[in-house]
Amino acid sequence: MAERHGLRVLYGFVGGDASQWQPNLFRNTSRSSVPGQPGWNLITAMADEAVHYMRQSKELAPDKPFFVYYVPGATHAPHHPTKEWIDKISAMRLFDDGW
């Protein structure tokens, strides 16, 4: 959630149990579609959107403050790490005897 000139801007999901690959995605109050790009995931898309928002806010009104509340869903169940992270953690053998 971000606020621009008194208006709230939402790009994200509603509810903690959101898929990181095919979430019920919203932009403000409208449902938004998920790009069909390989490797797309919600946490990266939300981070990219937040960075874009901050850059745009500073370009439009460099002297005005802005607020960004960035709450990724990756820490909620179900967990959806990328294959690269699964491989990296598996190679560390941290959970061979359980967690």
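The values are calculated or read from the model by the stated rules, or taken from the named source; none is laboratory data. Computed from a predicted structure; not experimentally measured. For neighbour counting, all protein chains shown are included, and Cβ atoms are generated from backbone atoms with ideal geometry for every residue, glycine included.
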Quick one: which of 42, 60, 94 is on the phi < 0 side of the Ramachandran plot and loosely packed, with under 10 Cβ neighbours inside 10 Å?
94
Just checking, which of 68, 51, 9 is of a type in the set (Val, Ile, Thr), under 24 Å from residue 84 (Cβ atoms) and out of contact with any Cys (no Cβ under 9 Å at 6 or more places or on another chain)?
51
Does segment 65-72 contain any residue that is modelled with pLDDT of 85 or more, farther than 30 Å from residue 9 by Cα and either of a type in the set (Asp, Glu) or in a loop (DSSP other than H, G, I, E, B) (or both)?
no
